[in-house]
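One structure below.
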Amino acid sequence: MNPIFISLRKVFIIITVILFSINTKAQQLDMKLLKGIEPRNIGPGGMSGRVTALDVVQSNPQIIYAGTASGGLW
């Protein structure tokens, strides 16, 4: 085998082991923050698509942004 291939293979294995060994924790959601929020339509009615990202403003949890696959931000 090619020595470069063997080295790349070792690097790939090491990176894979490191990535799988990292213990990640999900953020805890406080349901009290969501109690007073009422949904409202703020975008055009004719647009549809899938949501790919959600983000909440930490200083004001009543502001939530949603990003769509087509590039829209709501």
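Can you tell me which residue in segment 37-67 is nearest to Gln27 (Cα to Cα), limited to those that are modelled with pLDDT of 85 or more and among the polar types (S, T, N, Q)? Ranking the qualifying residues of segment 37-67, first place goes to Gln58. Would a scan of segment 8-22 turn up a residue that is at pLDDT 85 or above, assigned to a helix (DSSP H, G or I) and surrounded by 11 or more Cβ atoms within 10 Å (Cβ to Cβ)? Yes, segment 8-22 contains a residue that is at pLDDT 85 or above, assigned to a helix (DSSP H, G or I) and surrounded by 11 or more Cβ atoms within 10 Å (Cβ to Cβ). Of all residue pairs spaced 6 or more apart or on separate chains, those with beta-carbon atoms under 9 Å, a first member in segment 33-55 that is farther than 16 Å from Gly71 by Cβ and assigned to a helix (DSSP H, G or I) and a second member that is modelled with pLDDT of 80 or more and of a type outside the set (Phe, Trp, Tyr) are Leu33/Val56; Leu33/Pro61; Leu33/Gln62; Leu34/Pro61.
The values are calculated or read from the model by the stated rules, or taken from the named source; none is laboratory data. Quick caveat, the model's predicted, so the values are computed rather than measured. Reconstructed Cβ throughout: ideal geometry from the backbone, glycine too, with neighbour counts over all protein chains shown.
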